[in-house]
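FYI, it's all coordinate maths here, none of it is from the lab. In this text the structure is predicted, and so the values were computed from the model without any measurement. With ideal geometry, Cβ positions are generated from the backbone for all residues, glycine too; neighbour counts draw on all protein chains shown.
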Ligand code: TRP
């Protein structure tokens, strides 16, 4: 039998999902789901991972599990085609993590660039929680418990995949071929790798208040798009505009910037949007050309971006509204997905225990061997 193609990916439920998640991962997941190329798809709400740095705020996680589930479903993930499940409800993950801990050194974890950056950012009072420090190991368990071949994630997750593959190789080397090495599947459009916030800052983040959420209303969307960062040097419509550049602030500090409206257009707009919303241009290249030459105002660009985004978000809002009418059914979807995840996970874990030779009760040979040894000793 040809090797099965299996997807696993997920998100920490620390907030509602925004359009950065959409272009960076959700949109792709829906395409992958509908491609029919995958035998199994697991999408995980990583609540246990979210708790590694939110131990004192479980309510935040509890509230956001359902938000993320609604975001998934409204973005077009179809419970008939993929298993949506909750991480903490699959105890097999915890057990696997515990075995993997023996295969990874503290020093190796300390070198993980993602963990390093996060530690610098978060500045945990009272020291780093051990669970947080070890989350790359638990993430390796998330992926390998399902024998995932394909992990669609953003670029920031690269170090996690590298760490996972090291664990897989080490495990298979010591205990025999059991686990599958996964490949990362990165977003295909450069603008999607990391969508900046509406203020032009490097990343969309709830605490910076620069996110556009999938669940934003048309009115909220319009307000956010209208206040977006563009080109600080483009003061009059007739001035030449810049898609990126540098400017000096009032304190004389130089900043490089990207024109956020065009970054978003790169990520979202299609040629067909021009026909519908801005027929003066055939495509984004023509529009950019005019902007750079001068004569195209930011207001027009923003209006177009609003129309494009609203067009993408409207079907998502509609689906969300439907699912919101029957929240118990959404939990039921998660429960079903979790049951399926546990079934697959239990199978892998049985193989893992067997490979590690800790499947004592199923190990007939071991029992016979020990019986014989003690019988001989007592002769
Ligand atoms: N770390 C991922 C994030 O921050 C979430 C996650 C947890 C994940 N386990 C995973 C992603 C396994 C892919 C595969 O979004």
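Normalising the Debye intensity of the stretch 218-323 to I(0), with uniform scatterers on Cα atoms only, and taking log10 at q = 0.10, 0.15, 0.22 Å⁻¹ returns -0.32, -0.66, -1.21.
Separation of the stretch 1-72 and the stretch 80-157, taken as the distance between their Cα centroids, equals 14 angstrom. Between 182, 13, 159, the GNM of the chain built on Cα springs shorter than 10 angstrom shows 159 fluctuating the most.
Starting from the Cα coordinates of the stretch 129-194, work out the convex hull volume and express it per residue in Å³.
Looking at the stretch 129-194, the number lands at 84 Å³ per residue.
Normalising the average separation of contacting C-alpha pairs (under 8 angstrom, six or more residues apart) by the number of residues puts the relative contact order of the chain at 20 percent.
With contacts taken as Cα pairs under 8 Å and at least 6 residues apart, the stretch 77-236 reaches a relative contact order of 17 percent. Residues 266, 271 in ascending order of nearby Cβ atoms (within 10 Å, fewest first): 271, 266. Note on the stretch 160-284: semi-axes of the ellipsoid equivalent to its C-alpha gyration tensor, largest first and rounded to whole Å, are 39, 20, 16.
The convex hull built on the alpha-carbon positions of the stretch 39-147 has an orientation-averaged projected area of 8.0 nm².
Compare 142, 239, 71 in a GNM of the chain, Cα atoms joined below 10 Å, and give the one with the largest fluctuation. Looking only at 142, 239, 71, the largest GNM fluctuation is found for 239. Among 214, 278, sorting on how many other beta-carbon atoms sit within 10 Å of each Cβ, with the fewest leading, yields 278, 214. Taking the DSSP beta bridges in the chain as the whole, what percent of them are antiparallel, to the nearest 5? Of all bridge pairs located within the chain, approximately 30 percent are antiparallel.
Evaluate the Kirkwood expression for the hydrodynamic radius of the chain, namely the inverse of the mean inverse distance over all pairs of different C-alpha atoms, and round to one decimal in Å. Don't jump to the answer; show the numbers that get you there.
Numbers: mean 1/r = 0.0431 Å⁻¹.
Taking the inverse mean of 1/r over all distinct Cα pairs, the chain comes out at 23.2 Å.
Defining a contact as two alpha carbons under 8 Å apart and six or more residues distant in sequence, what relative contact order in percent does the stretch 249-360 show?
Numbers: 34 pairs, mean separation 20.6, N = 112.
Relative contact order, the stretch 249-360: 18 percent.
Extending 7 Å from the Cα toward the beta-carbon at both residue 108 and residue 3 defines two label points whose distance is 2.0 nm.
Name the residue, out of 76, 345, 294, whose mean-square fluctuation peaks in a Gaussian network model built on the chain with Cα pairs under 10 Å. Result: 294 has the largest fluctuation of those listed.
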